[in-house]
Amino acid sequence: MSERVTDVIALQARVRPDQMAVADGPLVLTWDELARAVATTAGKLLGQGLLVGDRVAVCVSDGAPGLIVALAVLHAGGVHVPVDHSLAGAEVENLITVLRTPWQVTLPPRITLAELAHLELKSTGHAREADPLGTGRSAFLRMSSGTTGAAKGVLLGHDTIIRRIEAANRGLGLTASDRVLWLLPMAYHFAVSILLYLRVGAAIIFGNALRASSTAAIARDRMATVIYASPYHVRRLADLAAGNDLPGSLRMAISTTTALDSDASRDFHARHRLGVRQGLGIIEVGLPFLSPGLIGEQPGELGAPLPDYQVAILAEDGEPVPADGPGELAIAGPGMLDAYLQPWRRREEILVRGFFRTGDRARRDQHGGVCLLGRIKDVINVGGVKVFPLEVECVLDAHPQVLASRVRAAPEPRLGEQVHADIQVRPGCDPDSLLVELPSWCTERLAPLKRPSSYAIVEAIAMTPSGKVRR
């Protein structure tokens with residue numbers, strides 16, 4: 001078997017055995033304790049019938065026990081198939097069927113480490129299959145909508161993950177002295193984040209809490225140096241009351257999952273004196289972009305790609321667009337996906353001249369950096385002007401009384417389409433007053449044809465499990 005992504009845990013245990021590796025509430029694991037827990041749990045899985053190359057649906061909540069199980073599957077030679085623990089039973093069954101997963105591990109919330117001794121590997125009834133990349137090479141399989149909207153399984157090998165996380169860290173610059181405050185769900189963020197932290201020896205601090213003040217307290221207590229979050233968390237932390245400060249040890253804040261509105265970024269800087277860097281993570285690619293985090297940075301303004309990546313802006317026919325024209329973002333670099341499972345396609349069949357076509361519309365700015373405009377398929381055509389919902393949603397979400405928004409096309413006889421916005425208000429907000437305020441709010445921030453022509457107050461905006469607006 002070639003190098004596993006988890007082999008580095010034993011190395012960290014030898015180099016820094018007594019240093020903190022994971023913090024989860026009052027529970028703290030040293031590197032030696034983490035290595036022992038992963039090895040012991042891997043042994044239990046192998047003893048219950050797991051074979052190298054077997055896929056395992058891992059349905060666990062965020063925290064140290066769930067992390068140990070996921071790492072144990074990888075360490076035993078299994079293929080980690082992350083499953084969102086909040087999914088309904090039918091959704092879990094469908095995912096297992098589509099990804100042809102013969103084993104399942106499920107942990108109840110708030111399980112203790114002692115209870116991991118009773119971990120049970122359950123058969124799903126699906127037949128095991130030979131590792132399509134070669135015995136012991138596959139590591140990670142996750143569902144993705146891809147660029148076409150059709151469900152696919154993205155397959156990554158151990159070698160592929162190692163290449164992509166090393167490329168990502170040439171931009172991030174994380175070291176063993178870092179302590180990362182983790183606020184995102186592991187079911188959707190793992191292969192170029194959690195595994196990267198382990199590889200460089202950085203500690204992982206589980207800090208997502210119901211109250212932002214509690215998250216800040218965890219960050220202070222554990223002296224976090226990096227925050228990895230979503231725009232939602234950035235807004236909450238920007239609104240922290242006086243006295244609920246983030247620690248002075250904090251040196252970098254990263255926002256991902258969707259575009260960060262400039263008001264939230266500016267407010268976070270004003271409150272904590274630290275810029276927020278926008279990261280673009282793509283399951284098929286890795287982490288090709290990390291913005292500078294400058295004050296006034298616009299939503300989707302990603303800057304130059306990280307050093308190991310090249311980008312192209314392409315027209316529909318695959319040819320480059322003029323220097324300042326919009327087109328489809330394509331990316332080349334190390335650690336590209338090994339294959340799509342459904343239907344089966346190897347990397348060589350997916351990439352076009354070495355580039356992955358993302359399905360995102362983008363353009364280059366005057367400095368040669370990349371500005372993300374939104375998904376190509378989501379464009380609204382208003383009298384021949386292309387409007388991207390993401391751009392409008394960022395403006396709406398920046399309003400202090402808007403909890404979330406969804407922008408879509410509505411028919412308009414004269415222009416063909418117009419912009420409509422569904423709004424979810426914050427608790428305590430007067431919806432009627434908000435509907436009066438929003439037109440002037442958008443007038444100050446958007447060109448005329450980008451402004452919503454109609455609004456509707458809705459009870460909730462449907463979101464994907466990874467935190468993006470469901471369209």
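Quick notes on this structure:
- When restricted to residues that are surrounded by fewer than 23 Cβ atoms within 10 Å (Cβ to Cβ) and either touching a Leu at 6+ places or on another chain (Cβ under 6 Å) or outside the structural domain of residue 203 (by TED's automatic domain parsing) (or both), the stretch 23-44 contains 1.
- Subset tally (residues that are buried (at least 22 other Cβ atoms within 10 Å of the Cβ) and either at pLDDT below 95 or over 14 Å from residue 183 (Cβ atoms) (or both)) for the stretch 262-278: 4
- Filtered by the rule that a residue be in contact (Cβ under 8 Å) with a residue 40 or more places away in the chain, out of contact with any helix residue (DSSP H, G or I) (no Cβ under 8 Å at 6 or more places or on another chain) and of a type in the set (D, E, K, R), the stretch 403-452 gives a lone residue, 412.
- Subset of the stretch 266-284 that is among the aliphatic types (A, V, I, L, M) and within 12 Å of the chain's Cα centre (by Cα) - its residue that is farthest from residue 192 (Cα to Cα): 280
- Cβ pairs under 7 Å, 6+ apart, first in the stretch 1-17 and without any contact (Cβ under 8 Å) to a residue 60 or more places away in the chain, second among the polar types (S, T, N, Q): 17/30
- Looking only at the stretch 1-22, and only at residues there that are buried (at least 16 other Cβ atoms within 10 Å of the Cβ) and polar (S, T, N, Q), the one that is farthest from residue 222 (Cα to Cα): 6
- Filtering the stretch 383-421 to residues that are of a type in the set (Val, Ile, Thr) and either surrounded by 20 or more Cβ atoms within 10 Å (Cβ to Cβ) or more than 19 Å from residue 442 (Cα to Cα) (or both) leaves 387, 392, 395, 402, 407, 419.
- Selection over the stretch 298-315 of residues that are out of contact with any helix residue (DSSP H, G or I) (no Cβ under 9 Å at 6 or more places or on another chain) and either surrounded by 20 or more Cβ atoms within 10 Å (Cβ to Cβ) or free of Cβ contacts under 8 Å to residues at least 60 places away in the same chain (or both) gives a count of 8.
- Within the stretch 167-194, being of a type in the set (Gly, Ala, Ser), in contact (Cβ under 8 Å) with a residue 40 or more places away in the chain and under 21 Å from residue 289 (Cβ atoms) holds for 167, 168, 171, 191, 193.
- The strands (runs of 3 or more DSSP E) located wholly in the stretch 357-471 that include 1 or more residues which are among the β-branched types (Val, Ile, Thr) and out of contact with any Leu (no Cβ under 9 Å at 6 or more places or on another chain) occupy 380-382.
The values are calculated or read from the model by the stated rules, or taken from the named source; none is laboratory data. All of these numbers come straight from a predicted model, not from anything done at the bench. Please note: Cβ atoms are built from the backbone with ideal geometry, for glycine as well, and neighbour counts cover all protein chains shown.
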